[in-house]
Amino acid sequence: MIELKNITKSFDDKKVLDSFSAVFDEGGYLLKGPSGIGKTTCILLILGLIKPDEGELSVPDNTRFAVCFQENRLFEKETALTNILAVNDNVTEEAAKSAILELLPEDTADKKAGELSGGMKRRLAVIRAMLHDSDVVILDEPFTGLDDASREQTIAFIRKHLNGRLLIITSHDERGLDDLKVINVD
């Protein structure tokens, strides 16, 4: 269980979160709210990349995270396949290629990430996170730049590869995510 209790966080005198509380115990969660409201700040707090100004944060020791940040954070000069294998030592080349084929065109595995379109890069970043051996999967705005068909395919891919892990998705758009517990960040 991950718990944020009365969390307050400010950046340069701008309060982003004010006494925000949430509990993530099992299943899937949608952190929902308009852009700039503090969804990514919640993610960064959970990951321990930033500290709260006030409040309590509880994350079990040794929690293993798989993360797809808002920025794709791909190795642009490396192939799509290398981008997956470089951070997933538990994944075989065959499994990585199979996963790529679920969301991307057949010839994508051998293309450099820098040659892919924005939507293809986004899906590659999601694939990489979903294949990572973890207890918790965090996807920060995973559908940015995707058309409706690609969004639906990506949602199906996430569900298929979740394997009982805790899922936290941030988005301002909950289409296709009706089964997730909604936590409004405001």
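The values are calculated or read from the model by the stated rules, or taken from the named source; none is laboratory data. Just so we're clear, the structure is a prediction, and the values are computed from it rather than from any experiment. Using ideal geometry, Cβ is built from the backbone for each residue, glycine included, and neighbour counts are taken over all protein chains shown. Only protein heavy atoms, including side chains, enter the accessible area calculation; ligands, DNA and RNA are left aside. Shrake-Rupley method; radii C 1.70, N 1.55, O 1.52, S 1.80 Å.
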Handout entry: Positions within region 148-159 being open to solvent by 10 Å² or more (accessible area, probe 1.4 Å), touching a helix residue (DSSP H, G or I) at 6+ places or on another chain (Cβ under 8 Å) and under 14 Å from residue 99 (Cβ atoms), in sequence order
Key = 153
Exercise for the section: Please verify whether region 50-65 includes one or more residues that are in contact with a helix residue (DSSP H, G or I) (Cβ under 9 Å, 6 or more places away or on another chain) and closer than 20 Å to residue 159 by Cα. Expected result: yes
Exercise for the section: Might you check whether a residue that is touching a residue at least 24 places away in the same chain (Cβ under 8 Å) and more than 15 Å from the chain's Cα centre (by Cα) occurs anywhere in region 66-74? Expected result: no
Handout entry: Boolean, residue 72 is in a loop (DSSP other than H, G, I, E, B), open to solvent by less than 30 Å² (accessible area, probe 1.4 Å) and at pLDDT below 95
Key = no
Fill in the blank from the handout: Selection from region 1-54 of residues within 23 Å of residue 130 (Cβ to Cβ) and open to solvent by less than 30 Å² (accessible area, probe 1.4 Å) yields 2, 22, 24, 28, 29, 30, 31, 39, 42, 43, 45, 46
Practice task
Please specify each residue of region 15-69 satisfying the condition of being in contact with an Asp or Glu (Cβ under 8 Å, 6 or more places away or on another chain), aliphatic (A, V, I, L, M) and part of a helix (DSSP H, G or I).
Solution key: 43
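With 173, 178 as the choices, which residue is within 17 Å of the chain's Cα centre (by Cα), among the charged types (D, E, K, R), assigned to a loop (DSSP other than H, G, I, E, B) and under 22 Å from residue 22 (Cα atoms)?
173
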Handout entry: Failed item in (1) at pLDDT below 95; (2) closer than 30 Å to residue 111 by Cα, with residue 64 passing the rest
Key = (1)
Practice task
Being open to solvent by 70 Å² or more (accessible area, probe 1.4 Å) and without any contact (Cβ under 8 Å) to a residue 12 or more places away in the chain is the filter; apply it to region 107-147 and report the residue that is nearest to residue 30 (Cα to Cα).
Solution key: 115
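So is residue 185 in contact with a strand residue (DSSP E or B) (Cβ under 7 Å, 6 or more places away or on another chain), among the β-branched types (Val, Ile, Thr), under 17 Å from residue 68 (Cβ atoms) and open to solvent by less than 80 Å² (accessible area, probe 1.4 Å) or not?
Against the criterion (in contact with a strand residue (DSSP E or B) (Cβ under 7 Å, 6 or more places away or on another chain), among the β-branched types (Val, Ile, Thr), under 17 Å from residue 68 (Cβ atoms) and open to solvent by less than 80 Å² (accessible area, probe 1.4 Å)), residue 185 does not qualify.
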Exercise for the section: Go through region 151-166 and count every residue that is under 19 Å from residue 105 (Cα atoms) and outside any helix (DSSP H, G or I). Expected result: 0
